[in-house]
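Participant: Sharing a structure, written as structure tokens. Questions coming.
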Amino acid sequence: MGQRSRTESTRSATMRAPARVVIARVEPEIDGGRHAIKRVEGEVVEVVVQAFSDGHDRLQGVLLHRRSEHDAWQEAWQEEPLEARPNDAWRGRFVVGPPGSEEYAVEIWIDAFGSWRAGLRKKVEAGVDVAADLQEGALLVRQASERAAARGGPDAGWLADATAVLARGGEPDAERLELALGEPLADAMARHPDRRSAARHAPGLFVQVERARARSGAWYEFFPRSCTDDPDRHGTFRDCEGRLRHAARMGFDVVYLPPIHPIGRTGRKGRDNARLAAPGDPGSPWAIGAAEGGHDAVHPALGTLDDFDHFVERARALGLEVALDVAFQCSPDHPWVAERPDWFRRRPDGSIHYAENPPKRYEDIYPLDFECEDWRGLWDALRDVVLFWIDHGVTIFRVDNPHTKPFAFWAWLIADVRRTHPETVWLSEAFTRPPLLQHLAKLGFSQSYTYFTWRNRRRELEDYVRELWSPPVAEYLRPNFFANTPDILHEYLQIGGPAAFVARLVLAATLADSYGIYGPPFELCEGAAVPGSEEYRGSEKYEIRSWDVDRPGGIASIVARMNRIRREQPALRAGQAPLFCEIDNEQLVAYARRPREGRNVVLVVVNLDPHHVQSGWVELPLEPLSLASDASFQVEDLLGGGRYLWTGGRNYVALDPAVAPAHVFLIRHRVRSESDFEYFL
């Protein structure tokens with residue numbers, strides 16, 4: 001027993017004592033570091049740390065960051081200073097590089113020299129003898145000189161000379177005290193600290209860096225088969241060029257296509273989701289696969305793969321990116337059903353289980369069995385589908401119902417594809433419970449559909465938007481506010497008429513950095529629904545529709561104006577969180593958005609009542625908007641035109657939905673005079 005104690009004692013004598021610094025918290029951090037935060041190329045990560053030690057010693061620390069892809073783990077850490085803040089807080093920041101993965105950490109240690117210097121200053125000011133203290137300081141400086149020499153640093157010689165000065169015997173003199181307390185020595189010592197007992201936050205924390213389109217963009221969804229002037233004729237990719245020009249004229253960034261693959265015939269649904277299809281019914285594009293091919297084929301009526309490649313090139317020439325639907329399910333006629341029957345879940349009688357979401361039944365769709373015996377082969381095949389379309393110029397994918405497939409699959413698939421294609425952008429279409437929706441975002445999805453469609457009252461809008469823009473959710477979940485979808489026509493749009501469509505357009509385009517519309521039905525203000533549901537009547541999901549996008553009564557010009565405002569005002573596509581204003585009318589909502597850099601503040605006021613004039617007094621948050629309480633300033637309506645002179649924080653607005661359901665104001669800060677309305681940016 002005694003021998004064991006002496007051995008343990010000898011071992012402990014050769015080890016340094018445990019670090020005295022406690023790193024209590026590091027933000028941002030998602031689930032203890034299990035998941036990455038998100039940024040886009042060139043953005044800043046601001047890290048806040050709470051750290052402390054026993055006693056009164058001072059601390060010093062750095063923020064560490066490096067690339068962390070699978071082939072860059074040995075890359076040296078880059079260091080940024082940590083700035084001390086009140087209440088044991090520290091703050092640092094770094095700028096992320098190109099798309100990929102980056103790792104960050106913090107390292108904090110006892111600042112022996114800084115602590116010594118602070119104590120020395122107090123003693124000098126109190127008239128206490130500091131001869132012994134200067135000898136202690138000389139030892140600290142000599143050790144720093146040795147560290148500098150070991151690293152080949154230029155400070156080694158200067159620190160050695162400083163050691164000699166401090167170590168001189170006799171009474172402390174002005175030269176020694178000036179050296180000890182001066183900034184040059186403090187700066188040199190800070191460059192060569194003793195970090196052997198530093199505390200480092202563990203585990204490592206990660207940033208998923210993506211390209212700018214992952215953060216912001218305007219999406220336009222349309223069915224290629226409906227790009228036809230005759231509903232009895234199936235549209236083609238060549239027919240879609242006119243729709244591409246239309247989307248480009250309206251200022252969209254992304255055109256999103258529902259599945260473009262061959263459609264099965266077995267169990268095909270008829271119009272308005274009738275269980276039996278009539279002759280000539282085209283079926284649902286989400287019933288993927290037929291004799292003509294599966295997920296890596298295009299519907300023959302749309303054209304060939306060469307036609308699709310031409311479509312992608314034409315979109316790119318117009319400044320548009322193409323997003324494709326990823327729906328990992330099969331029709332009963334999909335080639336995999338015959339070739340790989342083990343990839344499907346079977347009933348006891350041997351039949352394959354079709355999809356159900358009671359009371360809905362999808363006899364035209366077979367779910368895949370992600371836990372089948374050959375799950376690895378299935379997963380690889382699905383990944384190869386994504387890689388196939390990347391080879392054909394598509395790098396944006398809208399994923400259908402990802403919450404109905406294993407989370408582990410999405411984590412693996414997205415990470416595996418990003419290893420060779422970090423430019424890919426992934427949109428999660430998961431209208432599901434909040435924890436599931438958020439978990440999918442943590443797993444790597446770039447953007448997420450949200451519950452925005454069902455938030456139509458002022459308070460619920462404000463509460464929901466604040467939730468999305470607040471940490472920690474804002475660190476990993478980027479909302480894409482779709483105002484409508486082929487599956488969802490909210491009652492507000494069914495009964496609200498054009499004013500409702502404009503109001504929802506403005507809200508979607510200004511409350512989130514990314515938004516989208518399901519094209520022609522939205523811009524044409526189509527509100528006809530299957531009674532008692534949110535389903536479009538005459539839904540394009542089950543039939544070909546011929547849309548005259550130029551017909552009178554549409555709001556395409558307003559959509560174009562809204563997209564132009566977004567492009568001209570960084571606050572609306574890459575700005576700070578919306579700042580809601582108090583207003584004395586529950587039918588009005590008002591909020592301001594500031595750019596991350598620059599002064600142009602956008603103030604949005606929307607009438608949520610599509611049928612009546614609503615008015616009220618808006619209370620502007622003056623300090624966050626850099627406005628004086630008695631200042632006069634202009635607000636210029638970028639959407640409807642006109643300029644108004646406002647003074648102070650309380651101002652009156654009135655919105656007639658028949659004329660203009662919303663204002664999108666640019667705040668002009670300085671007015672020269674009330675009479676001539678001259679202004680400065």
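The values are calculated or read from the model by the stated rules, or taken from the named source; none is laboratory data. These numbers come from a predicted model, not from an experiment. A quick note on method: Cβ atoms are made from the backbone with ideal geometry, for glycine too, and the neighbour counts reach across all protein chains shown. All accessible areas refer to the heavy atoms of the entire protein, side chains included, with ligands and DNA or RNA removed. Shrake-Rupley method; radii C 1.70, N 1.55, O 1.52, S 1.80 Å.
Participant: List the GluC sites (Glu not before Pro) within region 277-324 that DSSP assigns to loop and that have no more than 16 neighbouring Cβ atoms inside 10 Å.
Facilitator: On the way: sites: E292, E313, E321; in loops: E292.
Listed in order of number, the matching sites are E292.
Participant: While we're looking at this one, here's another question. If you average the alpha carbon positions of region 375-400 and of region 599-653, how far apart do those two centres end up, in angstrom?
Facilitator: Between the Cα centre of region 375-400 and that of region 599-653, the gap is 47 Å.
Participant: Here's something else I'd like to know. Considering only DSSP states other than H, G, I, E and B, which trypsin sites (Lys or Arg not before Pro) in region 177-282 qualify as loop sites with at most 13 other Cβ atoms within 10 Å? Can you show the working numbers first?
Facilitator: Details: sites: R191, R195, R196, R200, R211, R213, R215, R225, R233, R238, R243, R245, R249, R265, R268, K269, R271, R275; in loops: R191, R195, R196, R211, R215, R233, R238, R265, R268, K269, R275.
Sparse-neighbourhood loop trypsin sites (Lys or Arg not before Pro): R196, R233, R275.
Participant: Do any of K360/K541; K38/K442; K405/K541; K269/K360; K269/K541 go past 19 Å between their Cα atoms, and which? All intermediate terms of the calculation are to be shown ahead of the outcome.
Facilitator: Numbers: K360/K541 15 Å; K38/K442 9 Å; K405/K541 22 Å; K269/K360 12 Å; K269/K541 10 Å.
Pairs exceeding 19 Å: K405/K541.
Participant: Taking only Cα atoms, what is the 0 to 90° angle, nearest 10, from helix 305-317's long axis to the longest principal axis of the chain?
Facilitator: So the inclination is approximately 60 degrees.
Participant: So, one more: Quick one: with all protein chains in place, what share of the accessible area of region 127-266 is carbon or sulfur, to the nearest percent (1.4 Å probe)? Please list the in-between numbers first.
Facilitator: On the way: 3070 of 5910 Å².
On region 127-266, the fraction of accessible area on carbon and sulfur atoms equals 52 percent.
Participant: Which entry is the computed Kirkwood radius over Cα pairs in Å for this structure: (1) 27.5; (2) 29.3; (3) 34.9?
Facilitator: (2)
Participant: Per-residue accessible area for S546 at 1.4 Å probe radius, Å² rounded to 10?
Facilitator: 50 Å²
Participant: Still on this structure: Solvent-accessible area of E75, probe 1.4 Å, all protein chains present, reported in Å² to the nearest ten, please.
Facilitator: 70 Å²
Participant: Taking every DSSP beta bridge with both residues inside the chain, roughly what % is antiparallel (nearest 5)?
Facilitator: Values: 81 of 112 bridges.
Here the share of antiparallel DSSP bridges comes out near 70 percent.
Participant: Please give the net charge around G242, taking every other residue with its beta carbon less than 13 angstrom from that of G242, where Lys and Arg add +1 and Asp and Glu add -1. Before the final figure, lay out the partial values.
Facilitator: Details: positive: R238, R243, R245, R249, R314; negative: D229, D239, E241, D548, D550.
Spelling it out: positives minus negatives among the neighbours equals 0.
Participant: If I compute solvent accessible area with a 1.4 Å probe over the protein chains, what percent of it on region 464-522 is carbon and sulfur?
Facilitator: Working: 740 of 1270 Å².
Of the solvent-accessible surface of region 464-522, carbon and sulfur hold 58 percent.
Participant: Same structure again: Could you do me a favour and compute the accessible area per residue for the chain, 1.4 Å probe, result in Å²? Display every interim value, and only then the final one.
Facilitator: Values: 29930 Å² over 681 residues.
Normalised by residue count, the accessible surface of the chain is 44 Å².
Participant: Can you order the peptides 323-333, 557-567 by their average number of other Cβ atoms within 10 Å per residue, highest first?
Facilitator: Numbers: 323-333: 22.8, 557-567: 19.0.
With the highest mean Cβ count within 10 Å placed first, the list reads 323-333, 557-567.
Participant: Additional query: Nearest 500 deg cm²/dmol is fine: what mean residue ellipticity at 222 nm does the chain get from its DSSP H runs of n ≥ 4 alone, each adding -39,500 (n - 2.57), divided by its residue count?
Facilitator: Details: 18 runs with 201 residues, N = 681.
Computed ellipticity for the chain at 222 nm equals -9000 deg cm²/dmol.
Participant: To continue, here is another question. For region 356-445, just the Cα atoms, rotate onto the principal axes and tell me the three extents in Å, largest first.
Facilitator: In descending order, the Cα extents are 41, 30, 24 Å.
Participant: I've got another one for you. Compute the helix-to-body angle for 458-469: its Cα long axis versus the longest principal axis of the chain, expressed 0 to 90° and rounded to tens.
Facilitator: For 458-469 against the chain, the angle is about 50 degrees.
Participant: Taking the 0 to 90 degree range and rounding to the nearest ten, how far is the long axis of helix 112-126 tilted relative to the main principal axis of the chain, both from C-alpha atoms?
Facilitator: The angle comes out near 50 degrees.
Participant: For region 443-513 and region 540-572, what is the separation of their Cα centres, given in Å?
Facilitator: First find each Cα centre; the distance between them is then 17 Å.
Participant: Accessible area of region 282-358 with a 1.4 Å probe: how many percent of it is carbon plus sulfur?
Facilitator: Values: 1650 of 3250 Å².
Result for region 282-358: 51 percent of the exposed heavy-atom area is carbon or sulfur.
Participant: What is the magnitude of the charge dipole of the chain about its Cα centre, with +1 placed on the Cβ of each Lys and Arg, -1 on the Cβ of each Asp and Glu, and no other charges, expressed in debye to the nearest 20? Write down the numbers at each step before the final one.
Facilitator: Details: 83 positive and 101 negative charges, 164 e Å.
Charge dipole of the chain: 780 debye, to the nearest 20.
Participant: Could you tell me the distance between the Cα centroids of region 278-355 and region 150-206, to the nearest Å?
Facilitator: 68 Å
Participant: Note down the net charge around R233, summing +1 for each Lys or Arg and -1 for each Asp or Glu among other residues with Cβ under 11 Å from its Cβ.
Facilitator: -3
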